[in-house]
Each structure stands twice: as C-alpha cells, then as structure tokens.
1. If you look at just the Cα atoms of the range 209-264, how large are its Rg and its Dmax in Å?
2. At a Förster radius of 35 Å, what calculated FRET efficiency corresponds to the Cβ-Cβ distance of Thr349 and Glu199, to the nearest 0.05?
3. Can you pull the Rg over Rh of the chain, Cα-only, Kirkwood?
4. Could you give the length gained by full extension between Lys39 and Ile508, i.e. 0.36 nm per residue of separation minus their alpha carbon distance, to one decimal place?
5. If contacts are Cα pairs under 8 angstrom and at least 6 residues apart, what is the relative contact order of the chain in percent?
6. Which residue, chosen from Gln296, Ile140, Ser372, occupies the Cα position most advanced towards the positive end of the dipole of the chain, where the dipole is computed from +1 (Lys, Arg) and -1 (Asp, Glu) charges on Cβ about the Cα centre?
7. Pairs of alpha-carbon atoms within less than 8 angstrom and 6+ residues apart define the contacts here; what relative contact order does the range 12-80 have, in percent?
8. Amide H neighbours of Tyr516 under 5 Å, at least 5 residues apart or on other chains, H built in the peptide plane: list them.
Amino acid sequence: MNGAEYIAEFLAQRGIRDVFLLTGGAATFMVDAIGRHPKIDYKCFQHEQAAAMAGDAVWRVTGRPGVVMATSGPGATNLVTGICCNWFDSVPAIYITGQVNLKHAEIFQGTRVRQFGFQETDIVELVKSVTKYARQVTTIDELKEALVEGYNAATTGRMGPALIDIPMDLQQREVGDTVFYAPPNRQPRANGDLAVAFEAINRLLDDSERPVVLLGAGCGLAGVAGEVESWLRQSSVPVVASWSGSCYLNQDFPGYMGCIGVYGNRGANYVLQNADALLVLGSRLDTRQRPGDPGQFAPDAKVHVVDVDEEELKKYSKDGYGTTLMDLADAPALLNGLKTPTPSAAWSTYAGDLKKQFYGVDISQSARRHNSISPYAVIEKLNRLVNKDATIAIDCGATTCWFFQMFHRTTQTVFTNGGCAPISYALSAAIGAAISRPGKQTIVIIGDGGFQSNIQELQTISEYGLDIKIIILNNYGYGIVKQFQDLYMDSRHEATGRGYGVPNFEKIVDGYGLRYVRVDQIDQFSKAVLGTPGAAVIDVTLHPNTLIEPKLELGRPINDQYPYVSDADFAAANRFVTFERPAWVSEKVEISD
Ligand SMILES: Cc1ncc(C[n+]2csc(CCOP(=O)(O)OP(=O)(O)O)c2C)c(N)n1
Ligand SMILES: [Mg+2]
C-alpha cells in the first residue's frame, strides 16, 4: 500500500463508508485511493464548508465520526466553520487535508516565508484552538500514529474534531501491508468520586421540595439519554432542557416542561426560576440559557452540575454551584445510587398547570396581527405529519426558535448546530444525514437567509438523488436580527432589510432539477407535500415582521419574557420566589388572561 491507500484502508476498517470532499491537487492521490477501495467511497460537495457541515451530521445519525477531505490552502481553510461546528457541539469528526510536497514545504527551508509551495497554508496552526488533535505528518510512522491518535481523540471523552495534514509525497510513499490501530484506554472512574457525587446530589434532592432537572446534550452525546429518561420517568420531577438536550429526549412524559432560556418555553422558565434545587446533567449553561447575571438564574435553588469537562465546571467557582466531574457514559451507575426526587404536591401541581398552559401552546400574536401563516402553526403541523424515525436538521435564526418552541420530539433524530450555529448548516447537514442513514424521511427547517448561504448544495442533492424535504420559513429577511434591531436600534434594518434580498427560489430550484412547492396558506402544507418521493423545496410564505414570541429582552431574568404578562399574572407564575420587576416592564404589558 502507499500512504493514500493506507488512509483509505484505515478508515474502512473503522467502519467509515463515505468520505465527504471537494478535491484538489494535494488531495487527488487520497481521493483516488478512496475511489478504488471496495468498502469505502466518496461523495462530492460543491463547497468544503458544506462537506464539513455534512460530516458533522454523520455522528448524529450513525454514531460513527464523519470523515471529510480537502485539498491544501483554500480547500483546507474552507473547512474551518465546519470544524468549529464539531468543536463547540462536541461532535467527533476526522479531517484529512492534503498538503504540498514535503520537499516544497517551508518547514524544510528553515525560513519563515509566508508560503513556499503553491496553495500552501499552515492549516494545523490555524485550527489548533478548535480541534482536539491537529497534526501535520512528515514520515510514514507519523502518519500511522496520527491516524490512531486522531481517531481516538475525536471519539473519546468530550468528543470533537481531529485534523491530519498529509503532504503529497507521503501519500505516494510505500508503507507496507499492515494497518495499525489500538483502541484508547478508558480511564476507569474511582469509586470514591461516585460516592462523593451520590452524597452531594442525594443531599440536594433530600432537602428539596421544588426540584428541577435540566438536561443538556451531554447525556445524548454519551449515549445514555434512554437511561436518564427512564430515571426521570420514575418520579414527577419537572424536567427542562437546552435546545441540544431536548433533541435526545422522548418528550412524551408528564414531567417534561420544554426548553428553557432566552427563547425558552414560558412555563419551563417559570419552573426553573422557582426551583429550590436544580440538578444539571451535561449542559454548559451557555448565555442563551443563563443570560446576563448568573445570580438571576434559579436564584433560590441549590445547583449541582455534572459535566465531563473540568473547564466547564470551573466556570461556576463564583456561583457556589456543586459540581461533579464525570463522563456521563457513567450516568447509569450514578443514577442507580441516587434517590428518586420527591417534589411536594404543591410543586407538582404548579408545574402541571404551567405545562398545560404553555407546553406546545402557541402564544404568539404577530402572525395573527398580519393575517399571515404562523411559523408555529407550521411546526405544530409538522409534529403530526412527520415520521417517527425521520431525521430533522434545523438551521439558525428565528427559524430555530420557532422550531424548538413548538416541536414535540418523540423518536425522531433531531439536531441543530447549537454552539457555532452558522446559517446554512442544516441544508448541508441533512445531506450528510441522508447519505449516512438512507431510507429515512429527511427534513430541513431553514430560513431564507440560511438557504441562500449554501444554496449550491442543491446540486449535491440532485447528483445523488437524495430525498430531502427543505422547508423554508421564508420571512424575506434575517428575521432574528431584525427583531433585535426593532428592540435596540429603532427598527433600522441595516444589512437585514436594506442590502438583503431574496431571489426567485422557484427558478433556482428548477435549475437544479428539483421540485418546488409554494405554501401561501397553511392547508397547502400537507402530508402529500411531505410524502411525495424525491427532493423538494417547500417555500412557506411568512410576513416579514413575524416575531419570535416569547423572547427575552436584555437585562431581564428568563422568567420575564416579552410579550410581558401583567404584574398579577407574573406574581402568580412566580409564586415561590420574589422577583423585582422594573416599572418599564409593567408598562409594556401586552398579554394577560
Ligand atoms: C455564517 C453566519 N453568518 C452570520 C450569522 C448571523 N445570523 C444569525 S441568524 C441570521 C439570519 C438568518 O436569517 P434566516 O435564515 O432567514 O432566518 P430567520 O431569522 O429569518 O428565521 C444571521 C445572519 C450566522 N449565524 N452565521
Ligand atoms: Mg428569514
């Protein structure tokens, strides 16, 4: 085997079936080897960024890391946003970049010239801060070692991307016949640590009348979402989630209240803010969940956070939170030793009432005001139309908020890129999902802005005959940014209205040979539209000023979202904890029952 063939064989032996790529000089030997290998193949994308985002979806639908290949220089640099997607969401992926010949590379010249070879870029240095492993190899032994180390780094502990940069001459060098692989050593956890965790968390739950459990993506990433869910179902403890955490949960159980945060469910936010004990499993409590002043987040609660990453736990040193450093793969052992939370009757009734009032309930008004389609109605209908084993990829923007405020996930595979959140992610990710998990209904929920940013990937869908339904919630603008400008910039829609436009999507979709369906009335969004085989772009017309409701304004705790409720309703909903409300909030009251 030569180096390129070795890489193909190594990947095939790890169970990889598809490598996503856009080729170029420095990658051609590797692409050629993959093309000739009987067990592995490649899929061509029109932009490396899209290939990388598609790679992010592979683990999410198969549990195997995505593998993405690009050429040196601009090919490699185009991967960076996708690499960030993996890094921030802890998703494993392997990147293999071609590099100029060693004999041309500046590293051998002993100089600090910007570039010696053509299309040479030090991609390893560029991606170091957003990868678990990044290495340029200069010998065959290093190549063999880097593939093992990179693969293992990506797929263990807090997972993430690995990048291996391979000069062209190494790709052609003879390497022998044996492929080397050694699985990682899993560090056994000390029992002492578990005992300490039992004690701390049991004390937290014992002392509590108003417990809440917050789930992040960690349980799903560690593959224990099912076990955690069974534990939660044993009691009536209210359960809330981050967006990414909610993706792994079968939400069909009485305790589930919805997502919390800036764009969270009103009822879920009330419950969290009124708790006296909060157990956080695998969530990094980012600023969309815990915005502004951390002291305003669950202010009456003792908080205990379980997370795999010590650095995440260090964040809470000033907040007085209890912490347990632990790979949530061990969650079953932890939960075994925990008492079942026992909420007081008053707390269970309170949470149950809030759930009835807010979970899956559309409280938005703007679409009604404009007599236009409500995005919430579209997502509510999607709940009823979608297959139980469908894959749904959600993009960025108001679209994401509408989806997570209204979608009721049971057994579907649902995901968005939570941490990096680049517009256009979902279109490319759905392609990765449809290729890696064929035969399942695959749906994209995306805005008009997101759709335009990687629109060229319609060609990839066309080329491989992928059956993907792309639902554009088309408000003819960058809606989420416009809503921000409405609040803080007197509705000056700079670069969101002025300078931004939407082309004739029907003509574009037609040019790629795909089906276009326009939805001007909610009835036109039907089982037939979703069920007709073959890719389709379903363009749903919204009013340009359709809002995200509810949404938090800056400086408010998450239990006081816009549109504001009356002081009386606010006090009733927050009856366990006293929250001061500035006069300007009371003056902006828009809904009351
Ligand atoms: C690559 C990238 N550039 C810019 C942004 C900032 N951004 C976040 S949402 C958004 C607008 C999205 O518009 P659209 O897809 O139409 O969704 P809407 O908010 O209208 O539902 C922008 C530009 C981003 N998230 N990613
Ligand atoms: Mg839009």
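Read-outs throughout are calculated quantities, based only on the coordinates presented, and are distinct from any laboratory measurement. Bear in mind that the values here come from a model prediction, so they are computed numbers and not experimental data. Every residue, glycine among them, receives a Cβ derived from its backbone with ideal geometry; neighbour counts consider all protein chains shown.
1. Values for the range 209-264 (Cα only, Rg and Dmax): 10.5, 30 Å.
2. According to the calculation, E is roughly 0.70.
3. Details: Rg = 25.0 Å, Rh = 25.3 Å.
Ratio of gyration radius to Kirkwood radius: 0.99.
4. Details: separation 469, 0.36 × 469 = 168.84 nm, distance 3.55 nm.
Using 0.36 nm per residue and subtracting the Cα-Cα distance, I get 165.3 nm.
5. Over the chain, the number comes to 13 percent.
6. Result: Ser372.
7. Working: 108 pairs, mean separation 29.3, N = 69.
Normalised by residue count, the contact order of the range 12-80 is 42 percent.
8. Val537
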